[in-house]
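> The structure's right below; bear with me while I get my questions together.
The values are calculated or read from the model by the stated rules, or taken from the named source; none is laboratory data. These numbers come from a predicted model, not from an experiment. Quick reminder, even Gly has a Cβ in these numbers, built from the backbone with ideal geometry, and neighbours come from all protein chains shown.
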């Protein structure tokens, strides 16, 4: 449920960047073409960039959409959000399905990154 909410927020936040939709059951070729598109690459590269001169980055806008009160959101929840964004948009990742093993591999790294970037 949380993963689905994060995915929905990604597409909502990046609507102005023209992030094209992708079906979760898309073929490997469709996923590959989607990940290689300039729009997906731009969204992935902009995750930690501020939006429209605002101080909030795209990743924080996504988190705000998922968690209504960021002050009550834990570092682990925010790191999980970062993991889902990375797994979905990263052109190096050939899948758009979010698995437990993908999250486990990245969660500790993102917790450290989050602590450094947003403390």
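> Quick one: count up the residues across segment 28-75 that are over 20 Å from residue 8 (Cβ atoms) and touching a helix residue (DSSP H, G or I) at 6+ places or on another chain (Cβ under 7 Å).
Going through segment 28-75 one residue at a time, the tally reaches 3.
> Name the residue that is nearest to the chain's Cα centre (by Cα), counting only residues in segment 38-60 that are at pLDDT below 90 and farther than 23 Å from residue 77 by Cα.
In this case the residue turns out to be 52.
> Which condition breaks for residue 72 when tested against (1) more than 15 Å from the chain's Cα centre (by Cα); (2) under 16 Å from residue 96 (Cβ atoms)?
Every listed condition holds for residue 72 apart from (2).
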